[in-house]
Each structure stands twice: as structure tokens, then as C-alpha cells.
1. Can you tell which of 60, 50 is surrounded by 13 or more Cβ atoms within 10 Å (Cβ to Cβ) and more than 14 Å from residue 13 (Cα to Cα)?
2. Only residues that are of a type outside the set (Ser, Thr, Tyr) and without any contact (Cβ under 8 Å) to a residue 12 or more places away in the chain: list them for the stretch 25-45, please.
3. Name every residue in the stretch 63-86 that is assigned to a loop (DSSP other than H, G, I, E, B) and either in the same structural domain as residue 43 (by TED's automatic domain parsing) or exposed (fewer than 10 other Cβ atoms within 10 Å of the Cβ) (or both), in order of residue number.
4. Is the stretch 20-38 home to any residue that is within 16 Å of residue 100 (Cα to Cα), loosely packed, with under 12 Cβ neighbours inside 10 Å and out of contact with any strand residue (DSSP E or B) (no Cβ under 9 Å at 6 or more places or on another chain)?
5. Is there a residue in the stretch 88-99 that is surrounded by 11 or more Cβ atoms within 10 Å (Cβ to Cβ) and assigned to a loop (DSSP other than H, G, I, E, B)?
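The values are calculated or read from the model by the stated rules, or taken from the named source; none is laboratory data. Remember, predicted model here, so these are calculated numbers, not experimental data. Backbone-built Cβ (ideal geometry, glycine too); neighbour counts: all protein chains shown.
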Amino acid sequence: MLAAHLTWHLRTALAPLTFTDENRPVPEEPVAKVHRSTAAARKASTRKLDDGTAATSYQDLLTHLGTRTRNTTSVPGTEKTFELLSMPTPRQQKAMDLIDHHARNHRK
């Protein structure tokens with residue numbers, strides 16, 4: 001249950017970078033078919049976001065986030081080591097910013 005809750009929050013936070021419909025219309029009838037918003041249809045047909053960058057699926061975005069590395073670095077002449085994170089790509093940075101913003105605005 002916790003995993004589903006976390007997945008929901010991640011999908012919501014990362015929606016601006018994916019094909020997810022951010023402005024899904026609410027039907028008047030509970031059983032009526034829901035159609036994609038114009039913005040979501042545009043993202044899907046052009047495969048681009050409003051700023052011109054590529055839109056991806058949620059899974060592809062998670063795969064891209066997983067390519068960031070943590071390197072163990074040592075200082076020459078000593079036995080000391082430290083962890084160094086690689087610089088995020090612009091897409092990774094945007095995703096992390098969106099997750100951070102979502103987390104800050106959904107605290108109880």
C-alpha cells in the first residue's frame with residue numbers, strides 16, 4: 001500500500017515531464033468516458049513539452065533518473081575516500097526540482 005501511495009505522488013510530481021494528462025477533465029456523469037485534454041493530446045502527438053524538450057513515458061523518465069551515479073573517490077596519498085554524485089542532466093535536475101516542489105507542498 002505504501003508503494004502505491006509513493007508511486008501516485010511520483011507520477012503526480014513528474015506529470016509535467018511525461019505524457020500524463022495534467023488537466024484531466026472531470027466528466028459530469030461518473031460512468032462517462034473521459035477524453036484527453038487538449039494539452040495532453042498535443043504532448044502525445046508532438047512528443048514534446050511546451051518548452052520544446054522531449055516528453056517521455058513515466059517509466060523512461062525513471063530509467064533516466066537511475067543513470068545518475070555516485071562515485072567513491074579517493075585522495076591520492078591517503079586512504080580517505082568520499083562519495084561524489086555526478087552532475088544531473090537538465091532533465092534529471094528538472095525532475096528532482098518537481099519532486100522537491102511536490103513534497104514541500106503536500107506535507108501534512
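1. On inspection, the qualifying residue turns out to be 60.
2. 26, 27, 28, 29, 30, 31, 32, 33, 34, 35, 41, 42
3. Residues satisfying the conditions are 66, 69, 75, 76, 77, 78, 79, 80.
4. Checked the stretch 20-38: no residue is within 16 Å of residue 100 (Cα to Cα), loosely packed, with under 12 Cβ neighbours inside 10 Å and out of contact with any strand residue (DSSP E or B) (no Cβ under 9 Å at 6 or more places or on another chain).
5. Yes, there is a match, as at least one residue in the stretch 88-99 is surrounded by 11 or more Cβ atoms within 10 Å (Cβ to Cβ) and assigned to a loop (DSSP other than H, G, I, E, B).
So that you can scan it fast, the table gives a plain yes or no per residue for (1) among the hydroxyl-bearing types (Ser, Thr, Tyr); (2) farther than 29 Å from residue 18 by Cβ:
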| site | (1), (2) |
| --- | --- |
| 57 | yes, no |
| 60 | no, no |
| 64 | no, no |
| 67 | yes, no |
| 71 | no, no |
| 75 | no, yes |
| 79 | no, yes |
| 88 | no, no |
| 92 | no, no |
